[in-house]
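Engineer: One structure coming up, written as structure tokens, with questions to follow.
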Amino acid sequence: MDIEEVAFETRFFVDGDWRKAPRTFAVKSPIDGRVLAEIADCGAEEAKSAADAAVAAFEKWRKTTAYDRAAILRRWYELIIRDAEKIARSITLEMGKPIAEARGEVRYAAGFVEWYAEEAKRLYGETIPSQFSHKRLLAIPQPVGPVYGVTPWNFPAAMVTRKAAPALAAGCTFILKPAEQSPLTALLLAQLWAEAGGPPGTLAVLPALDPVPVTEVMMRDERIRKITFTGSTEVGRLLYRQAADTIKRVSLELGGHAPFIIFDDADVEKAVAAALAAKFRNGGQVCVAANRLYVYPKVKEAFAEAYAEAVRKLKVGNPLEEDTQIGPLVDEAVFEKVTTHVRDALSRGARLVFGGESGGGLYFKPTVLLDVHPQSRIMREETFGPVAPIVSCESDAEVIRLANATSYGLAAYFWTRDLKRAFTVAEELEYGIIGVNDGVPSTPQAPFGGVKFSGIGREGGHWGIEEFLDIKYVSIALT
Ligand code: SIN
């Protein structure tokens, strides 16, 4: 399937309608810079119309039965599976994810829709015993209201469904502003929502080159009751402040700086495979990507050697080719940051084991660095690229201290055969997600989210839908 074979939607989606905006912007492929589509560039006017439609639709949607909402979500899931190949191509074309991985993302994205189609029917309230015989006390869950969601480019399908599916299942309406680098997949998902029977106004998609005008309208509108955002800590902080003015509920899934620890009792072979996935999935452009690898001296040489060998074998190339494992980085800004982190580490004495340079265009060669100085930027800042810095550590106490010495707290990984160590280290690490002998813990039914500067709230599982619910307390006196 070539670019020409994916017919991209170029209008924005509001109130069940596909509309043209007065302005457009070009969505370019990081593979070769080709323009994939000129699409609607939404601003304040388009945002106001989406907010009005979402508010009006909420009045009806919140009164539908959980079974009705579940049926539409289930149909949406089936349509995503039906169009999986088209969606995967769209992901690859617009942000460069290798096609095999993009297919995996589509299954992951569909998994959230399937899960929340089921979860819609399990929104139980509670009855509370009263000290008075004539009183009955109830706590009932209700949808928070219209929601504004902002999604990133690194998972153009899964981050949309991880937010929109629980919101819609809860009875909220959802206005989405997808990342400017990857709006085409979001528009495809909206087409399928409409085909599944999603009523007008329940889902809107507003692509915008500049997110500020759309976001300002949403953040000022007191009828929009929640903001859910995945992206940088810097932008998350700004949205958190803005949400205060209208007391919106807030879910923030922000940056990470995951440590990956290989203890002296680790199964080195398995740790190598897991560290490869944890670091190089999506070319390292993942919030939960391993950003720094700590290895005990006893296994360091064996690990570093096997890891470098595995990295050397990674196939870098056109992400549309079936066996490609590393595609281009999404844009110049990401490429620049990766390059700077590598240069900075080398200038502070790190040893280059493999890679370390551009592969032409937006490609950066998968890189392994050894003995990286702790003050290097890569050891402190999120890299979002295919670079693995390996450092030594001597004791459990030291490695826990080093792992926690960051303002981020999204994901951490470690490798051990010792059950006691598995529990104690998991409990000591200040992170929202811990992979014990597991390099890819994310899954729709489990809680995803961070502590400290990595965010607020959880996505996935029953926790994910609770973010879109208010609890109403009803006290009934039987007089
Ligand atoms: C992310 O990068 O935010 C998502 C990663 C995942 O769901 O595993």
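No lab work stands behind these numbers, since they all come straight from the coordinates. Computed from a prediction, not measured in an experiment: that's the story for all the values here. Reconstructed Cβ throughout: ideal geometry from the backbone, glycine too, with neighbour counts over all protein chains shown.
Engineer: What list of whole percents do you get for P(r) of region 64-192, with Cα-Cα distances grouped in 5 Å bins up to the one holding the largest distance?
Structural biologist: With 5 Å bins starting at 0, P(r) equals 2, 11, 19, 19, 16, 10, 7, 5, 3, 3, 2, 1, 1.
Engineer: Let me know the Rg and Dmax you get for the chain when you use only its Cα atoms, in Å.
Structural biologist: 23.0, 79
Engineer: Then there is this: For region 156-306, state the average projected area of the convex hull of the C-alpha atoms over all orientations, rounded to one decimal in nm². Spell out each step's value before the answer.
Structural biologist: Details: hull surface 46.3 nm².
Dividing the Cα hull surface by four gives the mean projection, 11.6 nm².
Engineer: Distance check, please: which entries in Lys48/Lys177; Lys97/Lys315; Lys28/Lys163; Lys135/Lys472; Lys63/Lys121; Lys20/Lys226 exceed 18 angstrom between their Cα atoms?
Structural biologist: Details: Lys48/Lys177 13 Å; Lys97/Lys315 13 Å; Lys28/Lys163 25 Å; Lys135/Lys472 16 Å; Lys63/Lys121 14 Å; Lys20/Lys226 27 Å.
Cα-Cα > 18 Å for Lys28/Lys163; Lys20/Lys226; rest within.
Engineer: Would you grab the residues whose amide H sits under 5 Å from the one on Thr24? Only those 5+ places off in sequence or on another chain, please, with H modelled 1.01 Å from N.
Structural biologist: The list, which skips near neighbours in sequence, is Asp41.
Engineer: Based on alpha-carbon atoms only, what is the radius of gyration of region 339-479 relative to the globular estimate 2.2 N^0.38 Å?
Structural biologist: On the way: Rg = 20.3 Å, N = 141, 2.2 N^0.38 = 14.4 Å.
So the Cα radius of gyration is 1.41 times the expected 2.2 N^0.38 Å.
Engineer: Dividing the Cα convex hull volume of region 294-335 by residue count, how many Å³ per residue is that?
Structural biologist: Details: hull volume 3.9 nm³, N = 42.
Residue-normalised Cα hull volume stands at 93 Å³.
Engineer: Would you kindly calculate the translational diffusion coefficient of region 3-62, applying Stokes-Einstein with the Kirkwood radius from alpha carbon pairs, for 25 °C and a viscosity of 0.890 mPa s, and quote it in µm² s⁻¹ without decimals?
Structural biologist: Values: Rh = 13.3 Å.
Answer, rounded: 185 µm²/s.
Engineer: Separate question: Quick one: which residues, 5 or more positions from Asp438 or on another chain, have an amide H under 5 Å from its amide H? H modelled 1.01 Å from N in the peptide plane, none for Pro or chain starts.
Structural biologist: Answer set, sorted by chain and number: Phe414.
Engineer: Residue by residue through region 37-43, what is 3J(HN,Hα) from phi via Karplus (6.51 cos²θ - 1.76 cosθ + 1.60, θ = phi - 60°)? Round to whole Hz and write x for glycine and proline.
Structural biologist: Coupling constants for region 37-43: 6, 9, 10, 3, 10, 7, x Hz.
Engineer: Would you calculate, for the chain, the mean residue ellipticity at 222 nm contributed by helices, counting each DSSP H stretch of 4 or more residues as -39,500 (n - 2.57) and dividing by all residues, to the nearest 500? Kindly include the intermediate steps, with their values, before the conclusion.
Structural biologist: Numbers: 14 runs with 187 residues, N = 479.
The per-residue figure over the chain is -12500 deg cm²/dmol.
Engineer: Which is farthest toward the positive dipole end of the chain among Leu362, Leu478, Tyr413, measuring Cα position about the Cα centre, with Cβ charges +1 (Lys, Arg) and -1 (Asp, Glu)?
Structural biologist: Leu478
Engineer: Based only on Cα atoms, what Rg/Rh ratio does region 252-303 have, Rh being taken as Kirkwood's radius?
Structural biologist: Values: Rg = 11.9 Å, Rh = 11.6 Å.
Computed over Cα atoms, the ratio is 1.03.
Engineer: Amide H neighbours of Leu469 under 5 Å, counting only residues 5+ apart in sequence or on other chains, H built in-plane at 1.01 Å?
Structural biologist: Under 5 Å from the amide H of Leu469: Val144.
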